[in-house]
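We did not get these values from a lab; they are worked out from the coordinates using the rules stated. Keep in mind that what you see is a predicted model, and the values were worked out from it rather than measured. Here Cβ is always computed from backbone atoms with ideal geometry, including for glycine, and neighbour counts include all displayed protein chains.
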Amino acid sequence: MQVSNERKAPVNVKPEAVSGEPILKRIFRRRIRIDPKMVRRLNIKLGERDCETFSTPRGDLDWTKDQGRNSAWEDIEELAESIKKDGIIHTPLVCSFKKFTESSEDGEDGEIFAVQGWRRIRAAVLNKQEYIEVDYTEDLTPEEAEILSFKENYNRKNLSDTEISQFLWRVKQRHPHWTYQKIGETYGLGGKNPESKRKAVASYIAHQDFLQRHKKTVQELDINPKKLTRNTTIQIQATARQIASNPNQQEQIEKEILETIAKNSIPTTKLCKTLRTQHQQGNKITPQQALQTIKTKTSNHIQLTLPQKTLQALQKYQSQTNPNQKTTIETTIIKIIENHLKQQGYL
């Protein structure tokens, strides 16, 4: 490794604890040049349990595949082209954990792991760069590195609900005594309000609990877990709780709602709303019966799916219309259709 100009920071880190101090302000790191192929993805296992693995929150992406669920080819290829043009703007942070992982098979002396900037490093490999500049440190514990990796990915908003939920589930197993608020504070979720932190983490843990309970059903129906967002599972759970006659029936109803949605491509919100409304009216119907109710109500209607650009243009049109002449988007669309039908001689 070639050493470039050094950049220092105070050294004050205890490997056995996660400090509340800003991590980047207290570690010693230096700028070096390194072959990007030498850097490994963050994945340190210090014990037998899954929660004793410290890793990036992002799922298993493959930048060598140009299609499929785990393909990251387009994402990395686009980034590689950008780096060719402008270079790496934000220097990746890498770390050697030899101080803390001498007994670990994943932490052999000399191995370097990406803490922040893994995609930039892989893009550099794709560009066949002989070396890149990185910030190198040996002062981070595996857990501190994991926290930094999570915060960067979370703040960039490129994590799915499933990735975040699985990550926080592992953190909770590792620290069963931590409250949801403590997890939110440590990993930077939920804004500044303590209660919002607690609620954010609780919703992600509940989301993962749902995925765990229905793992077999999701696999059998071949549902992409990334499409089961927090909002989707929250709606399903809330509906099942409301219409279940007893707690033991709730999980079965959740499964039936999942199956109905997956096999019929019906929006979750519409199905759940119909179920709740019917049960409030005293009609104890199943998810499949709710589907038939929806089909019956919409059989005499034409459903239109508007392109995003068209919808945006309509919204812009409405926002600029005289307040006294404003109408809903639905009314605007109907008038456009009526004018077209008149021009064609149907009206």
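What pairs from LYS151/LYS226; LYS98/LYS197; LYS255/LYS297; LYS99/LYS192; LYS227/LYS297; LYS37/LYS98 go past 30 Å between their alpha carbons? Over 30 Å apart, Cα to Cα: LYS98/LYS197; LYS99/LYS192.
Taking only the C-alpha atoms of region 217-297, Rg followed by Dmax gives 12.0, 35 Å. Computed from point charges on the beta carbon alone (+1 for Lys and Arg, -1 for Asp and Glu), the dipole magnitude for region 159-240 about its Cα centre is near 220 Debye. Each peptide among 130-139, 306-315 gets the average number of other Cβ atoms lying within 10 Å of its residues, and from highest to lowest they stand as 130-139, 306-315.
For region 182-252, the set of trypsin sites (Lys or Arg not before Pro) satisfying both a DSSP loop assignment and a count of at most 11 other C-beta atoms within 10 Å is given as LYS192.
Each residue, TYR317 and ARG30, gets one label point 7 Å from its Cα in the Cβ direction; the gap between the two is 6.5 nm. Couplings 3J(HN,Hα) for region 26-32, derived from phi with the Karplus relation 6.51 cos²θ - 1.76 cosθ + 1.60 (θ = phi - 60°), are 10, 9, 8, 9, 9, 7, 10 Hz, where x marks Gly and Pro.
Here the Karplus relation 6.51 cos²θ - 1.76 cosθ + 1.60, evaluated at θ = phi - 60°, turns the backbone of region 260-276 into coupling constants of 5, 5, 5, 7, 10, 6, 9, x, 4, 4, 5, 5, 5, 5, 5, 4, 5 Hz, with x for every Gly and Pro. One chain, two ends: LYS335 and GLN219. Fully extended at 0.36 nm per residue, the span grows by 37.2 nm beyond their Cα-Cα distance. Close amide H contacts of VAL115 (hydrogens built in the peptide plane, cut-off under 5 Å, sequence separation of 5 or more or a different chain): LEU93, VAL94, CYS95.
Here the peptides 85-95, 164-174 are ranked by packing, the mean other Cβ count within 10 Å, and the order with the highest first is 164-174, 85-95. On the beta carbon distance between GLN292 and SER265, with R0 = 22 Å, the FRET formula returns roughly 0.90.
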